[in-house]
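The values are calculated or read from the model by the stated rules, or taken from the named source; none is laboratory data. What you see is a predicted model, and the numbers here were worked out from it, not measured in a lab. Cβ coordinates were reconstructed from backbone atoms using ideal geometry, including for glycine residues, and neighbour counts include every protein chain displayed. When the accessible area is computed, the model is the full protein with side chains, heavy atoms only, and any ligands, DNA or RNA have been set aside. Shrake-Rupley method; radii C 1.70, N 1.55, O 1.52, S 1.80 Å.
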Amino acid sequence: MKIWQKNIDVDSFVESFTVGNDRAMDMHLAAADVLGSLAHTRMLHAIGLMTAVDLAAVQAELKRIYKEIEKGEFAIEDSVEDVHSQVEMLLTKRIGDAGKKIHSGRSRNDQVLVDLKLYFRSEIQHLVGQITLLFEQLITLSNQHKDILIPGYTHLQIAMPSSFGLWFGAYAESLVDDLEMMKAAWRVCNKNPLGSAAGYGSSFPLDRTLTTTLLGFDDLNYNVVYAQMGRGKTERILAQAMSSVAATLAKFAMDVTLFINQNFGFISFPANLTTGSSIMPHKKNPDVFELIRSRCNKIQALPNEIALMTTNLPVGYHRDLQLLKENLFPAFQSLSDCLEIAKFMLEHITVKENVLDDPKYDYLFSVEVVNNEVLKGVPFREAYKNIGLAIEDGTFQPSKEVHHTHEGSIGNLCNDQIQRMFNEAKAGFGFEKVERALQELIK
């Protein structure tokens with residue numbers, strides 16, 4: 001029987017349909033579910049709803065289950081509906097009636113809410129770590145190749161001189177703003193919904209501030225109705241942050257697939273990191289970056305998927321929300337994989353020097369020549385017209401010396417400032433506070 005079931009059997013087809021993939025998805029939440037119960041039962045004891053003897057037994061067994069989860073020895077049985085039921089069943093089987101007392105003052109609604117918040121925090125911290133590694137790799141490459149010029153494009157037409165320093169550095173700074181988006185998602189996730197029960201509170205004198213402290217949350221979702229309304233909204237905000245990171249990766253992957261093309265030829269990778277053709281022996285395909293592009297474009301669709309699944313749901317809990325796990329949970333692993341392999345590939349990138357020696361890039365320097373004329377006192381519009389005429393009649397002579405000195409330009413990348421912004425954004429998460437709180441719970 002299910003923990004909510006009375007004396008009526010549920011049709012097996014209905015049961016199968018309503019449970020869906022929840023057992024598989026809930027394995028992601030197992031550790032979080034135990035953490036939530038560790039905090040909740042300590043609170044129950046603090047308000048007199050659990051004896052010291054029962055608390056000691058529950059806490060010891062929950063910590064044992066937590067270690068089993070960490071070792072990969074935990075599973076949700078086929079006869080059990082979800083992770084919450086599995087943990088409660090194990091407790092009751094192992095320690096008796098004390099295990100039946102842990103659900104006082106909460107509902108599966110706020111139980112899954114706090115599980116999700118804890119799980120999301122963990123995934124955000126993991127992603128931020130990987131974003132950091134990729135950021136550092138991009139900054140390193142930007143500094144290393146800052147003096148090597150490449151074409152800059154507008155409308156995919158050659159426009160003005162750029163550099164590898166600018167190109168790598170641009171994506172590093174893009175990750176700064178992505179990190180700010182992720183920090184906004186973190187702040188939404190880092191509020192405690194536990195104690196909202198089924199969305200309308202409880203007649204027990206719950207101490208929601210205590211569970212907030214025990215679980216390392218920054219604050220509460222105070223209004224119990226809003227705590228439930230936050231499900232779906234939280235996922236959408238987190239998906240938007242992930243989508244921002246994915247957009248940066250997808251754009252970078254597109255650049256790589258262009259720049260590795262023979263018609264560009266700006267970069268290359270070792271043969272063992274590319275793939276070949278079944279009939280064309282010369283091929284070195286950038287499959288890794290093509291898949292990064294596609295995976296990340298798929299992640300960019302995630303906020304819309306979640307929005308459509310939750311649009312116009314009235315106040316309160318609805319079973320529709322269960323399906324959000326199937327869309328969001330796999331995206332964590334996919335984005336993680338993309339960040340990891342992008343960093344790995346960049347460790348092996350080779351950049352081509354003297355790209356702009358090719359005469360087809362001479363017109364990149366037209367603006368430089370115009371500016372040189374202006375520096376000599378020629379009005380800009382007149383200098384622009386003169387250079388334009390020279391280009392038309394084939395007499396244009398490029399000046400391939402580039403003197404850009406302002407902040408963020410070829411000659412002044414300001415990577416130290418980009419690093420500062422990244423460090424400041426990352427420092428605002430407060431992962432250490434969460435880690436201390438959770439370690440205290442499970443010790």
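Observations, loosely collected:
- Of all residues in segment 185-205, exactly one satisfies the criterion of being open to solvent by 50 Å² or more (accessible area, probe 1.4 Å) and either hydrophobic (A, V, I, L, M, F, W, C) or in contact with a His (Cβ under 7 Å, 6 or more places away or on another chain) (or both), namely PHE204.
- The number of residues in segment 196-226 that are more than 22 Å from LEU313 (Cα to Cα) and part of a loop (DSSP other than H, G, I, E, B) comes to 10.
- Residue within segment 306-321 that is modelled with pLDDT of 95 or more and among the polar types (S, T, N, Q) present: no
- Test: HIS40 is open to solvent by 60 Å² or more (accessible area, probe 1.4 Å) and either under 23 Å from SER202 (Cα atoms) or in contact (Cβ under 8 Å) with a residue 40 or more places away in the chain (or both): no
- HIS406 vs. criteria farther than 18 Å from LEU166 by Cα, modelled with pLDDT of 90 or more and outside any helix (DSSP H, G or I): no
- Residue count, segment 101-116 (criterion: more than 20 Å from MET25 (Cβ to Cβ), touching an Asp or Glu at 6+ places or on another chain (Cβ under 9 Å) and open to solvent by less than 30 Å² (accessible area, probe 1.4 Å)): 1
- Against the test of being outside any helix (DSSP H, G or I) and out of contact with any Leu (no Cβ under 6 Å at 6 or more places or on another chain), the options HIS40, HIS103, HIS28 yield a single qualifying residue, HIS103.
- Residue match in segment 118-135 (condition: open to solvent by 60 Å² or more (accessible area, probe 1.4 Å), in contact (Cβ under 8 Å) with a residue 24 or more places away in the chain, out of contact with any His (no Cβ under 7 Å at 6 or more places or on another chain) and over 29 Å from MET242 (Cα atoms)): no
Per-residue answers, yes or no, for (1) open to solvent by 80 Å² or more (accessible area, probe 1.4 Å); (2) in a loop (DSSP other than H, G, I, E, B); (3) aliphatic (A, V, I, L, M):
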| position | (1), (2), (3) |
| --- | --- |
| ALA331 | no, no, yes |
| SER336 | no, no, no |
| LEU356 | no, no, yes |
| ASP362 | no, no, no |
| GLU368 | no, no, no |
| ASN371 | no, no, no |
| VAL378 | no, yes, yes |
| GLN397 | yes, yes, no |
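- For segment 222-246, residues that are in contact with a helix residue (DSSP H, G or I) (Cβ under 7 Å, 6 or more places away or on another chain) and in contact (Cβ under 8 Å) with a residue 60 or more places away in the chain total 16.
- Picking from residues in segment 153-183 that are over 14 Å from LYS251 (Cβ atoms) and open to solvent by 40 Å² or more (accessible area, probe 1.4 Å), the one that is nearest to the chain's Cα centre (by Cα) is MET181.
- Residue in segment 197-220 that is farthest from GLY48 (Cα to Cα), counting only those that are touching a residue at least 60 places away in the same chain (Cβ under 8 Å) and under 26 Å from the mean Cα position of the chain (by Cα): ASP218
- The one condition in (1) in a helix (DSSP H, G or I); (2) modelled with pLDDT of 95 or more that MET50 fails to fulfil: (1)
- Residue match in segment 305-328 (condition: open to solvent by less than 80 Å² (accessible area, probe 1.4 Å) and closer than 30 Å to SER142 by Cβ): no
- Residues satisfying the stated conditions in segment 53-100, i.e. surrounded by 15 or more Cβ atoms within 10 Å (Cβ to Cβ), without any contact (Cβ under 8 Å) to a residue 60 or more places away in the chain, assigned to a loop (DSSP other than H, G, I, E, B) and not aliphatic (A, V, I, L, M): PHE74
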